[in-house]
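> So that we are looking at the same thing, I have put the structure below in structure tokens.
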There are 2 protein chains.
Amino acid sequence: MKKFINVPDSLLEDSLKGFAKAHADIVELNLQPHFIKRLQPAKPGKVVLISGGGSGHEPLHSGFVGLGMLDAVCPGQIFTSPTPDQMLAAAQAVDQGAGVLFIVKNYAGDVMNFEIAAEMFEAPNATVLVNDDVSLPKTHSIGRRGVAGTLIVEKMVGAAAEAGADLAACKALGDRVNEATASIGVALTSCTVPALGKPTFELGENEMEMGVGIHGERGRETVPLQSASEIVEQLAHAIDEELNPQPGQSVLLHVNGFGGTPLIELHLLYQLAAQHWEKRGLKIARSLVGNFTTSLDMAGASLTLTMLDEELIRLWDAPVNTAALRWGC
Amino acid sequence: MKKFINVPDSLLEDSLKGFAKAHADIVELNLQPHFIKRLQPAKPGKVVLISGGGSGHEPLHSGFVGLGMLDAVCPGQIFTSPTPDQMLAAAQAVDQGAGVLFIVKNYAGDVMNFEIAAEMFEAPNATVLVNDDVSLPKTHSIGRRGVAGTLIVEKMVGAAAEAGADLAACKALGDRVNEATASIGVALTSCTVPALGKPTFELGENEMEMGVGIHGERGRETVPLQSASEIVEQLAHAIDEELNPQPGQSVLLHVNGFGGTPLIELHLLYQLAAQHWEKRGLKIARSLVGNFTTSLDMAGASLTLTMLDEELIRLWDAPVNTAALRWGC
């Protein structure tokens, strides 16, 4: 296993400490239980946003804590759900009396534990479930996964909460952004979970995995490695099937790397994806390219499209000051 | 070769187009010859900063074009120096009458071509040579390489230029920041240059390459893979030998990934490196962690330390609005 690591058991805690120290102007780490919250608490009366999930997807979610986005996040062990006590402690620590919105990626463990925390938390709260991954059919038994679209929900709802939206409005907005968003990814390699010490699946030198999630699981199918243009056409087609965007539609195009793919390739994918949608008359109004929702060291990438309107553009553009997204501040 | 790519020949141009489109609010791409410049030109009378070098190090340098940092960059083919005509055209395009400062990483091809461009450019100009890589001895025949410290020079001189420093002051500051900066890196894997299609060197499953550069070349020595703590101690020791920082010294600690190493590992390295220097009484006044000066898909990382004073802290903190570094704007 070729990783910078001492022992797998301490990787997460040491890494969280490093993250919190490197960004001590923005965040604060709570150790028992683990959560990361804003250094400057939200103003009283603001709806607070809490997310979380298994680690290994950095900068998601810790990199999105700060003004204009999340108030706290609960990191689980790598690819493992955080526990209800983390979520409860985080909620109690950051609640400002206007309610807590949990933003949860649709994985069975995350959903269950956030539900337990929401029940235990004796104050107004609501949950937005993110399930933007269109590589699975809508009828999939445990539903579609939440992947790179999650940060778009977090950014837009974060802006609305900062501007004073109440809990019901934040919840409705989160659901709306999730509905307007579709993602699909492809892996060129597996990732290696430190505690396992070897790739979670094998891919031949001329194979890739289409419709992959972000937990080192196999995707929809293993197919021959194709050119970047062919890959983008397939990913974009799956998104078009879902969202059916019409000419003139403004969109946010997010090209996300899975951790092991460099920017030079991600910008190539972006160029090809932008061409695909501009050819169909869409307006690429906003863009985000980079490794944001990762799967440890996996080489691969996903495309995410969000259908925009004036309100969503305004929310996307609103000031944000986090480790991984920062503008207008 | 597991990359998102159509044909190697078009990768750079398509990727540059994607970069420029994704960041069309900040930069503009010139195609013949290739250079990227700020969308909003600098104000008249500002010293303009131009950098460049082979591609494959993204976000360096294109991600650092914008207010408070670079005015233009000239990307060469992957790991290949840009040509004098690119540099000359960029200089002529962004010159605001107060002179041009070329910021050049110390590689023979870059140095030669920037020298030719500087001679051809019939207006005041100066050059800062960055050579922060302490893995090579000071007496090395072609001198030490410029690596991850380059962005620190670019950021601080960029801030000074924005504040009205003249050409001589910008040149002197750049030299001073370079002198105050030391870097050293280690690779866990080689990178794969697209035109070559295979790793540029082989490393065994239990080997790593110490003192590596950013062009897929072999490093100082091939050694057995070690724990993150042992690696950090060796890297930090080499930097201490060079800078000899004294207790009480304020420093900027930059942990840089080479492209294939995820944030969870980089934050572990940061935590260990911060512990190393805090134990010696240094004050980690500023931090930067991420994949900033990359070597395509190489797994690996470097540590960079810059000795700070009040002026350098102020210049680091000054507003910057680029694709890869953004704060205060």
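> Could you tell me which numbered condition A:ALA324 fails, if it satisfies all but one of (1) touching a strand residue (DSSP E or B) at 6+ places or on another chain (Cβ under 8 Å); (2) within 12 Å of chain B (Cβ to nearest Cβ)?
Tallying (1) touching a strand residue (DSSP E or B) at 6+ places or on another chain (Cβ under 8 Å); (2) within 12 Å of chain B (Cβ to nearest Cβ), A:ALA324 fails exactly one: (1).
> Which numbered condition in (1) surrounded by 20 or more Cβ atoms within 10 Å (Cβ to Cβ); (2) out of contact with any Gly (no Cβ under 7 Å at 6 or more places or on another chain); (3) within 13 Å of chain B (Cβ to nearest Cβ) is the only one that A:ASP71 fails?
Against the list (1) surrounded by 20 or more Cβ atoms within 10 Å (Cβ to Cβ); (2) out of contact with any Gly (no Cβ under 7 Å at 6 or more places or on another chain); (3) within 13 Å of chain B (Cβ to nearest Cβ), A:ASP71 comes up short only on (3).
> Hey, can you tell me all the residues within the range B:293-314 that are among the aliphatic types (A, V, I, L, M) and open to solvent by less than 10 Å² (accessible area, probe 1.4 Å)?
Listed by number, the residues that qualify are B:LEU296, B:MET298, B:ALA301, B:LEU303, B:LEU305, B:LEU312.
> Hey, another quick one. With respect to the numbered conditions (1) more than 26 Å from B:LYS138 (Cα to Cα); (2) touching a residue at least 60 places away in the same chain (Cβ under 8 Å), which one is the sole condition not fulfilled by B:PRO262?
Going through the list (1) more than 26 Å from B:LYS138 (Cα to Cα); (2) touching a residue at least 60 places away in the same chain (Cβ under 8 Å), B:PRO262 breaks only (2).
> Quickly run through the range A:141-199 and pick out the residues that are basic (Lys, Arg) and over 15 Å from the mean Cα position of the chain (by Cα).
If we filter the range A:141-199 for residues that are basic (Lys, Arg), which is where we start, we get A:144-145, A:155, A:171, A:176, A:198.
Result: A:LYS171, A:ARG176, A:LYS198.
> I need the full set of residues from the range A:13-26 which are among the hydrophobic types (A, V, I, L, M, F, W, C), touching a strand residue (DSSP E or B) at 6+ places or on another chain (Cβ under 7 Å) and either surrounded by 24 or more Cβ atoms within 10 Å (Cβ to Cβ) or closer than 23 Å to A:PRO194 by Cβ (or both), in order please.
Here is the first cut: in the range A:13-26, the residues among the hydrophobic types (A, V, I, L, M, F, W, C) are A:16, A:19-20, A:22, A:24, A:26.
Those still in the list that are touching a strand residue (DSSP E or B) at 6+ places or on another chain (Cβ under 7 Å) too: A:16, A:20, A:22, A:26.
Of everything in the range A:13-26, those that are among the hydrophobic types (A, V, I, L, M, F, W, C), touching a strand residue (DSSP E or B) at 6+ places or on another chain (Cβ under 7 Å) and either surrounded by 24 or more Cβ atoms within 10 Å (Cβ to Cβ) or closer than 23 Å to A:PRO194 by Cβ (or both) turn out to be A:LEU16, A:ALA20, A:ALA22.
> Of all residues being within 9 Å of another protein chain (Cβ to nearest Cβ) and among the aliphatic types (A, V, I, L, M) in the range A:281-308, which is nearest to A:ILE231 (Cα to Cα)? Just the residue, please.
Looking at the filtered set, the residue picked out is A:ALA301.
> Look through the range B:219-236, keep the residues that are at pLDDT below 95 and buried (at least 16 other Cβ atoms within 10 Å of the Cβ), and return whichever of them is farthest from the chain's Cα centre (by Cα). Steps first, answer last, please.
Pass one, the range B:219-236, residues at pLDDT below 95: B:219-221.
Applying the additional criterion that residues be buried (at least 16 other Cβ atoms within 10 Å of the Cβ) yields B:219-220.
Working: B:GLY219: 18, B:ARG220: 20 Å.
Among them, the one singled out is B:ARG220.
> It is to be established whether one or more residues within the range B:237-248 are in contact with a strand residue (DSSP E or B) (Cβ under 7 Å, 6 or more places away or on another chain), open to solvent by 10 Å² or more (accessible area, probe 1.4 Å) and within 12 Å of another protein chain (Cβ to nearest Cβ).
Among the residues of the range B:237-248, not one is in contact with a strand residue (DSSP E or B) (Cβ under 7 Å, 6 or more places away or on another chain), open to solvent by 10 Å² or more (accessible area, probe 1.4 Å) and within 12 Å of another protein chain (Cβ to nearest Cβ), which makes the answer no.
> A follow-up question, please. What's the total number of residues in the range B:132-149 that are open to solvent by less than 60 Å² (accessible area, probe 1.4 Å), at negative phi and out of contact with any Leu (no Cβ under 7 Å at 6 or more places or on another chain)?
Selection size over the range B:132-149: 9.
> Hey, does the range B:52-67 have a residue that's in the same structural domain as B:ALA160 (by TED's automatic domain parsing), in a helix (DSSP H, G or I), touching a Cys at 6+ places or on another chain (Cβ under 9 Å) and open to solvent by less than 20 Å² (accessible area, probe 1.4 Å)?
As a first pass, look at the range B:52-67 and keep what is in the same structural domain as B:ALA160 (by TED's automatic domain parsing): B:52-67.
Keeping just the survivors that are in a helix (DSSP H, G or I) gives B:62-64.
Remaining after also requiring touching a Cys at 6+ places or on another chain (Cβ under 9 Å): none.
Within the range B:52-67 (the criterion being in the same structural domain as B:ALA160 (by TED's automatic domain parsing), in a helix (DSSP H, G or I), touching a Cys at 6+ places or on another chain (Cβ under 9 Å) and open to solvent by less than 20 Å² (accessible area, probe 1.4 Å)), the answer is no, since none of the residues qualifies.
> Could I ask something else about it? Please give the number of the condition B:SER55 fails out of (1) in contact (Cβ under 8 Å) with a residue 60 or more places away in the chain; (2) within 14 Å of chain A (Cβ to nearest Cβ); (3) within 13 Å of the chain's Cα centre (by Cα).
(1)
> Also, I was wondering about something else. For the range B:1-51, give me each residue that is in a strand (DSSP E or B) and more than 14 Å from chain A (Cβ to nearest Cβ). Give the derivation first.
So the first thing to find is which residues in the range B:1-51 are in a strand (DSSP E or B), and the list is B:27-30, B:35-38, B:48-51.
Of everything in the range B:1-51, those that are in a strand (DSSP E or B) and more than 14 Å from chain A (Cβ to nearest Cβ) turn out to be B:GLU28, B:ASN30, B:PHE35, B:LYS37, B:ARG38, B:VAL48, B:LEU49, B:ILE50, B:SER51.
> Of all residues being among the acidic types (Asp, Glu) and open to solvent by 20 Å² or more (accessible area, probe 1.4 Å) in the range B:192-218, which is farthest from the other protein chains (Cβ to nearest Cβ)? Just the residue, please.
B:GLU217
> When only residues in the range B:250-292 that are touching a strand residue (DSSP E or B) at 6+ places or on another chain (Cβ under 6 Å) and farther than 27 Å from A:ASP9 by Cα count, which is surrounded by the fewest Cβ atoms within 10 Å (Cβ to Cβ)?
Checked the range B:250-292; the qualifying residue surrounded by the fewest Cβ atoms within 10 Å (Cβ to Cβ) is B:LYS283.
> For the range B:150-180, how many residues meet the condition of being open to solvent by 10 Å² or more (accessible area, probe 1.4 Å) and within 23 Å of B:GLY257 (Cβ to Cβ)?
Summing the residues that are open to solvent by 10 Å² or more (accessible area, probe 1.4 Å) and within 23 Å of B:GLY257 (Cβ to Cβ) in the range B:150-180 gives 2.
> Please identify the pairs in which a residue from the range A:1-22 that is under 10 Å from B:LEU266 (Cα atoms) has its Cβ atom under 7 Å from the Cβ atom of a residue that is of a type in the set (Gly, Ala, Ser) and not in a helix (DSSP H, G or I), counting only partners at least 6 apart or on another chain.
That search, which allows pairs on different chains as well, returns A:PHE4/B:ALA301.
The values are calculated or read from the model by the stated rules, or taken from the named source; none is laboratory data. Every value quoted in this text rests on a predicted model; they were computed, and no experiment measured them. Note that each Cβ is placed from the backbone with ideal geometry, even for glycine, and that neighbours are counted across all protein chains shown. Keep in mind that these areas ignore ligands, DNA and RNA; they rest on the heavy atoms of the full protein, side chains included. Shrake-Rupley method; radii C 1.70, N 1.55, O 1.52, S 1.80 Å.
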